[in-house]
Each structure stands twice: as C-alpha cells, then as structure tokens.
1. Please check which bits of the stretch 192-230 a label hung off Y238 would reach, taking the label as a point 7 Å along Cα-to-C-beta and the cut-off as backbone N under 18 Å.
2. Could you tell me what percent of the accessible area of the chain is made up of carbon and sulfur, with a 1.4 Å probe and every protein chain present?
3. If you take every residue apart from L203 with its C-beta less than 14 Å away from the C-beta of L203, what net charge results, scoring Lys and Arg +1 and Asp and Glu -1?
4. How much FRET efficiency would the formula 1/(1 + (r/R0)^6) give for Q199 and I231, where r is the Cβ-Cβ distance and R0 is 22 Å, rounded to 0.05?
5. Report the one residue of P270, Q463, Y89 whose Cα lies farthest in the direction of the positive end of the charge dipole of the chain (charges on C-beta: Lys and Arg +1, Asp and Glu -1; origin at the Cα centre).
6. How do 178-186, 320-328, 305-313 rank on mean C-beta neighbours within 10 Å, highest first?
7. Can you tell me which of 401-412, 83-94 comes out highest on packing, and rank the rest after it, using the mean Cβ neighbours within 10 Å?
8. Let me have the 222 nm mean residue ellipticity of the chain computed from DSSP H runs of 4+ only, each contributing -39500 (n - 2.57), with the sum over all residues rounded to the nearest 500.
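The values are calculated or read from the model by the stated rules, or taken from the named source; none is laboratory data. Everything quoted here is computed from the prediction, not taken from an experiment. Here the Cβ is made from the backbone with ideal geometry for all residues, glycine too, and neighbour counts use every protein chain on show. Side chains are part of the model used for accessible areas, which takes the heavy atoms of the whole protein and leaves out ligands, DNA and RNA. Shrake-Rupley method; radii C 1.70, N 1.55, O 1.52, S 1.80 Å.
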Amino acid sequence: MQNSFINKLKSYPVMPWIVIFVFLAMFSRTGGGTNEYSRYTTLRAMSDQQTFKINDYVSWTIDWAQTPDGSYYSNKAPGPMFLAFPIFYLMEQITKFDKKEIFETKIDPVSGKSRTIRTKIPGPTTRAIIALVTQIIPIAILTFLLGHFLLHHGVPIWGVHFMAVAFLFGNTASMFANIFFGHALTACLLLFSHYFLLQKKPLLVGLFFGFALLGDYTVALLAPLVLMNLILANPKKYRWMGELLAGGLVPGLLWCWYHISACGSPFVIPAHFQNPMWQDMKHETHNLWGLFVLQIRWDIIYQLLFGSMRGILFTQPWVLCLIPVPFLLYKKIFQDKTLLTTAILSLFGLLFLLIMNSSFGGWHGGHTSGPRYLSMVFPLFALLAALLYGYLPRWYRVLLWAGLIPAVVLRALIYGSTPLAHEQPIWPFLYNFMIGESDNKGIVRFGFLLMTLCIGLLVVWLQARKKLLHTGQDIIN
C-alpha cells in the first residue's frame, strides 16, 4: 500500500515543491505591519460589531480612509477580508477566552450606550491560520493543478519544475503568502481565473476574476485582456458571456454591498478618501485622488525594471529573460491558443501595470521586498515559461534557470530577514537585517530554506535520473 501511494505521488512531479512550500510557510510567523493590520481592523469590526467601520480600531494602522461623515474604513480592497472572515470569526470565538485578550468599555457619543470592544490586535496564531487557509493552501492546490495540466499539454518535465519553483519561491507575490497583504491572494485568484479560461470554464473565470478584482482594484486594468482571451478561445460561440456574468455575480454583489456601505456608491472606492499622508501627488496639476499623476514616468519604469531597490532585474531576473521570447517565437505562439492567451495576459498585463505603477506617488510600495504592485502577473510568467520551455534551445533554458536562482536566493534572504525592506537597495538591506538577528536566527532560517530546496531538487533530479535509465530520455528535457 505504501509503495502504491509513493508511485502515485511520483506521477505528480510538482509534489516535492508543494510539500516544501507548505512546510516552510507553516513555520513563518512574519508580520505585515500596518498594511495587514488595516485588513484586520475590518475583520474585527465585521466580527464584533457587524460593520465595516473601523472607528474603534483605527489606531492599529495608518492605512485608512475617512469618509465625509467622519467614519473610518480600511483603505484596502475588501476581497481578502470577505474570504478570510469565516475562519477569522471562528478564531475569534476560540481566542476570546484567552487571558491575554484586552477588552475596553466605550460610550457611544451619539446614543450614549456603552459597548465592550476587543482592543488587542489578532495574535500570530490567528494570522498564520488565515494565511494558511486563504493563501498557502490555495496556492498549493493551484500549483498541483497547473503541474497536471502542463504534463497533459506535453510540456517537458523540467518546464513543469520551472513553473513550480518560479511560482512558489521565485517571484514577489510568493513572499506575501505568509502575510495578509493581499498580493499573494490576488495573484492566486488571477492565475486560477486564467487556468479556468484554458479549461474553457467561463463561469469559474468570472468567479475568480471577480474575486481578484475585489481583492485589488488594479486588476481592472487586466479585464480587457481577459475578455480578449475569452474571444480568442471561443471565436464563434458567445454563450460564455452569460456564464462569465453569472460567475461574477457573487463578487459583484459583495462589491456593491461593501462600497455602498462604506463609500455611498458602488462606483466610489476608499482611495477617494485616502489618509492625507499618502496623497503625495496632490500638488501635481493633473492628478487622480492625490495618489496618481496622469502621465507615464519613464524614470520610475526604469527603476521598476532595473533599479536595485525594487527592480525586476534584482528580484526576479528570469522574468526579464522571458519577455523577448514570445516575440521571437510568434509563429509558434499563434499556433497554440494556450500559449497565445497566456502570453497576452502576461506581457500586456505587465505593461499595463508598469504604466500604472509609474504614475503612483508611492511607486516603490513602501516597506516591501520587491515591486509589489506588479506582483500579480509574475505567477503568470511562471506558467508562460513552462509553456515556452519545449520550444527553447538548451542554452536559453539554462539562462532561464540562471535567472531563477537569484530570485530563489532572495526568497531565502527574505525568509531569514523580513519581507518589509526599506526604500534602499534591497540585497544589502536584507543581508544586514539578517545578520543582525539575535543568536544567528536569520542565518539559520536562510540556510534552512535553501537546504530544503536543495533536498527537493535532489528528489526531482533522482526521479529524472530514474526516468533516463528506464526510457533513455534526456534528463535536461
């Protein structure tokens, strides 16, 4: 029975990477600071007061929006809060008996009635479980599904492994899997949406894209690309339109409920009422909400691509290696709709997000270890790399792997230090933070992640070696 289970597991080659990803994530208790606390203020208000107002918890965070009636709300998109609420509510019922919890009685200035509120920020166990349920497990499931899909699509085995490592460990979105920033969840939902587009299931495309949009407003920039891909996938049949709308019904209703309650209209978002400290573009003549300047800033685009603080070159260079490939292999791409739709969403999605990000006053994302406002598309590039893998010459495959190595080492460095890097060159900052940890804890975590990845690599290499001995296939292919 044990041998049967092992043999079945071997038929899914991405399992070692998934096991390592979940194992490492379960032992990470890194905090996300004011950004994730902003979401927890809403969750606490929803749980204890059945409201989206965070008036009693606004002291936890500086990431708030204040509406004209004086009420405070999180300045974040509400999707992650809706998805996390069931597990958060359950944890709240369990932890409210903890002697360390702090309760405070307040008098409502309007009604004069007293009420008791919990003032302690949710603890690390609650935050870790929420990350596990809403982000880590869905990412693991998606990796499994993509690995299975790619094998049936005829992708070489090392292309499948590249996708798994790049998705789980080699991009900015992956580092947010342990904290409630929302970027990892949005990236996962967007890739789920594209996966179901490839499976020709428009109902699920609408559902997952709708929740991705509910989790990050900038996902709206990618909506035209998704519609274009649906048309390309179904050139003569348009029944998918009704299914797409039906799939988007639930996130659409949640969108209306939240934004009407908080902002007074489904067409108004919290950014309209942003904390003034974040309105660093309001001095510009042409600006949007004091947050965006209505122009493309080429110097910022350069920094996002090649800068040492947040640039793709310094955080996930394999993405830059991949960008020119679809243009060089355009004939192959136009013959394969799976490749074509993935290339469209990846390349043009990155372009649209780069333009948006360059116009944002806080383009660098504050304290973060990578270009987080671009991060939702990077997992798509992992899928694109796998789909292109079989068409690449061997030297270019080696180049892609060489570009992935620094991204994985950076992930280990973040694991050993912090995901909240300051606005400085990223590698020196994280290294100095790591070696400054007491009792060499940072160095131990750094080495532990790299060691487990090496074990995973050894396992998959031995599997490939065994395949070589039995079938004579090239171990690199």
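1. Zone members listed by number: 202-203, 224-230.
2. 67 percent
3. Charge balance near L203 sits at +2.
4. The value I calculate is 0.85.
5. It is Q463.
6. 178-186, 305-313, 320-328
7. Listed from highest to lowest mean packing, they are 401-412, 83-94.
8. When only DSSP H runs of four or more count, the value is -18000 deg cm²/dmol.
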